[in-house]
1. Considering only residues that are at pLDDT below 90 and open to solvent by 70 Å² or more (accessible area, probe 1.4 Å), look in segment 244-258 and name the one that is nearest to residue 169 (Cα to Cα).
2. Based on what the data block shows, is residue 31 within 31 Å of the chain's Cα centre (by Cα), in contact (Cβ under 8 Å) with a residue 40 or more places away in the chain and either away from the ligand (no atom under 16 Å from the Cβ) or on the phi > 0 side of the Ramachandran plot (or both)?
3. What residue, among those in segment 223-280 that are among the acidic types (Asp, Glu) and over 19 Å from residue 318 (Cα atoms), is farthest from the chain's Cα centre (by Cα)?
4. I need a count of the residues in segment 105-123 that are of a type in the set (Asp, Glu) and part of a helix (DSSP H, G or I).
5. Quick check, is residue 153 open to solvent by 10 Å² or more (accessible area, probe 1.4 Å), assigned by TED's automatic domain parsing to the domain that holds residue 47 and within 16 Å of the ligand (Cβ to nearest atom)?
6. Please list, ordered by residue number, the strands (runs of 3 or more DSSP E) wholly in segment 1-104 having 2 or more residues that are buried (at least 22 other Cβ atoms within 10 Å of the Cβ).
7. Considering (1) in the same structural domain as residue 21 (by TED's automatic domain parsing); (2) open to solvent by 30 Å² or more (accessible area, probe 1.4 Å), say which one residue 195 fails and leave the rest.
Amino acid sequence: MPQRKIIHIDMDAFFAAVEQRDNPALRGRPIAVGHDGPRGVVATASYEARPYGVHSALSSTVARRLCPDLIFIPARFEVYKAVSQQIRAIFREYTDLVEPLSLDEAFLDVSHVRSATLVAREIKARILAETHLTASAGVSVNKMLAKIASDYRKPDGLFTIAPAEIESFVATLPVERFFGIGAVTAERMHRLGIRTGADLRQWEESALVHQFGKAGHAYYGYARGIDNRAVTPNRVRKSLGAETTFAEDIDDRLRLQQELDGVREEVWARLQRHEFRGKTVVLKLKYDNFRQITRSKTLLSAIEDEMQLARIAEELLAGVNLRGRKVRLIGLTVGNTPEACTDCIQLRFDF
Ligand SMILES: [Mg+2]
């Protein structure tokens, strides 16, 4: 397997940070997002509350006892979801391989870029600019290490575990910090005298399997910094496309067609890579005044080959009257998967 480049992004004290962003009176104060009451729990604590021992999943009663000045704020999930969509849109500008773990966390496979660390830095800056919130990023060669790295310099951190550093890094790591080793397993390991990666590394693979079942194979890998889990986007893809913004605006039809050919090649490659099929082709043009138009064509069945896609794309472009306007961006999207029967799901809900 060629070496991968994986980024883990994790928003800092997400719910609490959103509340402090939206209400200046809460900034710099210990707050807990969650329900205040005998049965309530803390969903997220602000960094000001954490030194008191207040953390997520703690009962609200205990939290209040630990930090008498704690301010409870009811959760506003619609707002958190909206921010979550904003950050995911940013992630998807860098890669199609985005695997959200929760509203505020995701893995990104950016194996195709030269420097994953630079991309992570750019994503952090974009998140700050667009949401006024900070995120921490971890960069490494797999999910386990990227996740550990994002936690390493929180908040507003960026930490890279480079291939040459993996061995020594993992050796000193307490087993409960490994992503994939839960609290119960960590406790069992402690009883076996396994406290760090170095301890874990002493064990034969067969012995670990004997102790922990099939998971023992994975633990054997973790001790060596190996984690082959793929970054798997779990959203249902509705469309797939590509676009390009020109260095200089174009009003020449022949050049536009050439640019469209390039975009179409990219779209076709992505369709193959993701085994995605669709029967609607959408052409998008953005003019130099940023006005945008789309032209689409829907077939009776999914696009079969690249020639067919090329023909339709050309036809759609030919149908656009430029009226002398200059074009700054051209894009092509394929959507409307035949077997994706969203209406069926809707019908089931209506029952
Ligand atoms: Mg977080």
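The values are calculated or read from the model by the stated rules, or taken from the named source; none is laboratory data. As the structure is a computational prediction, the values presented were derived from the model and not from experiment. For neighbour counting, all protein chains shown are included, and Cβ atoms are generated from backbone atoms with ideal geometry for every residue, glycine included. With ligands, DNA and RNA removed, areas are computed over all heavy atoms of the protein, side chains included. Shrake-Rupley method; radii C 1.70, N 1.55, O 1.52, S 1.80 Å.
1. The selected residue is 245.
2. On the way: within 31 Å of the chain's Cα centre (by Cα): yes; in contact (Cβ under 8 Å) with a residue 40 or more places away in the chain: yes; either away from the ligand (no atom under 16 Å from the Cβ) or on the phi > 0 side of the Ramachandran plot (or both): no.
Here the answer is no, as residue 31 does not meet what is asked.
3. Narrowing segment 223-280 to residues among the acidic types (Asp, Glu): 227, 243, 248-249, 251-252, 259, 261, 265-266, 275.
From the residues that got through so far, the ones that are over 19 Å from residue 318 (Cα atoms) too are 227, 248, 266, 275.
Details: 227: 18, 248: 32, 266: 22, 275: 21 Å.
Restricting to residues being among the acidic types (Asp, Glu) and over 19 Å from residue 318 (Cα atoms), the top hit is 248.
4. 1
5. Numbers: open to solvent by 10 Å² or more (accessible area, probe 1.4 Å): yes; assigned by TED's automatic domain parsing to the domain that holds residue 47: yes; within 16 Å of the ligand (Cβ to nearest atom): yes.
The answer is yes for residue 153.
6. Values: elements: 6-11, 31-34, 42-45, 71-73, 98-102.
Ranges flagged: 6-11, 31-34, 42-45.
7. Going through (1) in the same structural domain as residue 21 (by TED's automatic domain parsing); (2) open to solvent by 30 Å² or more (accessible area, probe 1.4 Å) one by one, residue 195 breaks only (1).
For every residue, the table says whether it meets (1) assigned to a strand (DSSP E or B); (2) in contact (Cβ under 8 Å) with a residue 12 or more places away in the chain.
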{"site": "297", "(1), (2)": "yes, yes"}
{"site": "307", "(1), (2)": "no, no"}
{"site": "313", "(1), (2)": "no, yes"}
{"site": "320", "(1), (2)": "no, yes"}
{"site": "324", "(1), (2)": "no, yes"}
{"site": "328", "(1), (2)": "yes, yes"}
{"site": "333", "(1), (2)": "yes, yes"}
